[in-house]
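The values are calculated or read from the model by the stated rules, or taken from the named source; none is laboratory data. On a predicted model such as this, the values are computed, not experimentally measured, just so you know. Ideal geometry is used to build each Cβ from the backbone, glycine not excepted, and the neighbour counts take in all protein chains shown. Areas reflect the complete protein model, heavy atoms only, side chains present, ligands, DNA and RNA absent. Shrake-Rupley method; radii C 1.70, N 1.55, O 1.52, S 1.80 Å.
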Amino acid sequence: MKKILLTGCLGQIGSELVPHLRNIYGNDNVIATDIRRIENSSVIEGGPFEVLDVLDGKSMAEIVKKHNCDSIIHLAALLSAVAEAKPALAWEINMGGLFNALEVARENKCAFFTPSSIGAFGPSTPKIKTPQDTIQRPATMYGVTKVSGELLCDYYYKKFGVDTRGVRFPGLISYVAEPGGGTTDYAVDIYYKALQEGKYNCYIKEGTYMDMMYMEDALNAIVNLMEADPSKLIHRNSFNITAMSFEPSQIAAEIKKHIKNFEITYDVDPIRQGIADSWPDSIDDTCAKEEWGFKTKYDLSSMTEDMLLKLKTKLNIR
Ligand code: VAH
């Protein structure tokens, strides 16, 4: 990758991936785009930015040509809970935007990354140590778009030779972007509420395991996959990757080690609980480790320590 177009730069991944990529490739070599411009954004002010609706393939192609991009990182999409509330819009954006981005990559010979998710699995998928290659019949619109996206990216590789690569992200935890629209976002919200209120009312039931990862590990995974030797890749779209699997009472217990009086209560949201129940408890990421050296730095304990430290500064809490 030398000159990168990134869509969805103001989202949970984009807001941290843009500065991460700019540190590696140079500010002027990462063209950040999103459907809206906002004020006082370090992402927008830190380098080239363009307003782009991913449903406008013509404008996307113009930006790629204007900046002579050789890679596209396509992040713009609706997450699981929002997608379940607005399925038609989710199909339009998640698939329409992806199709446009793949067409622009094909026409301009760009390398291509887009994330899939553990949401690409469903109730009939083996739940423990979910294999790389297994049944994928998701029960959510988000999952349908993720499986369809994986198949479309493989098609563009096999049919047109587009260098498409992707990962199935677990829940991502970060202190930069506020949680929004996901099922796993309880694992972000809990840290904010622990510091602000000393308690958290969790919408996911105790005992519900899901794979998770700290954002720093996710950012490194994207770069390492995109820089991997293509001759070593047996799989492409998309690699299982994970860092940890936990359920709400376990993250609460880890927080209590730092905030003694922290209490978790439960008020289960049937929609997001239904989504979470249809996903794996834990996935097997052996292929990612073997084919491109995937590894992680953070576990639940070190992530909790770092999250609380960084959020205290962000929220100006002593
Ligand atoms: C979501 N955070 O909850 C996203 C992610 C695996 C979860 O896809 O929708």
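Before moving on, here are some points about what is shown:
- Taking first residues from segment 247-267 that are farther than 17 Å from residue 211 by Cα and partners that are open to solvent by 30 Å² or more (accessible area, probe 1.4 Å) and part of a helix (DSSP H, G or I), the Cβ contacts under 7 Å between residues at least 6 apart in sequence or on separate chains come to 262/256; 264/249.
- In segment 115-130, the condition of being open to solvent by less than 10 Å² (accessible area, probe 1.4 Å), part of a loop (DSSP other than H, G, I, E, B) and either away from the ligand (no atom under 16 Å from the Cβ) or out of contact with any strand residue (DSSP E or B) (no Cβ under 7 Å at 6 or more places or on another chain) (or both) is met by at least one residue.
- Matching residues, segment 53-74, being buried (at least 22 other Cβ atoms within 10 Å of the Cβ) and either in contact with a strand residue (DSSP E or B) (Cβ under 6 Å, 6 or more places away or on another chain) or among the charged types (D, E, K, R) (or both): 54, 64, 69, 71, 72, 73, 74
- Taking the criterion of being surrounded by fewer than 23 Cβ atoms within 10 Å (Cβ to Cβ) and either within 15 Å of the ligand (Cβ to nearest atom) or within 20 Å of the chain's Cα centre (by Cα) (or both), the residues of segment 145-164 that qualify are 147, 148, 150, 151, 152, 154, 163.
- Filter result for residue 226 (within 16 Å of the ligand (Cβ to nearest atom), closer than 25 Å to residue 14 by Cα and either modelled with pLDDT under 95 or not acidic (Asp, Glu) (or both)): no
- Condition met for residue 141 (open to solvent by less than 30 Å² (accessible area, probe 1.4 Å) and either more than 13 Å from the ligand (Cβ to nearest atom) or in contact (Cβ under 8 Å) with a residue 12 or more places away in the chain (or both)): no
- Tally of residues being on the phi > 0 side of the Ramachandran plot and open to solvent by less than 50 Å² (accessible area, probe 1.4 Å) across segment 22-43: 1
- Residue that is nearest to residue 118 (Cα to Cα), among those in segment 268-297 that are crowded, with 18+ Cβ neighbours inside 10 Å and more than 16 Å from the ligand (Cβ to nearest atom): 287
- Complete set of residues in segment 175-232 that are closer than 22 Å to residue 291 by Cβ, open to solvent by 20 Å² or more (accessible area, probe 1.4 Å) and more than 18 Å from the chain's Cα centre (by Cα): 227, 229, 230, 231, 232
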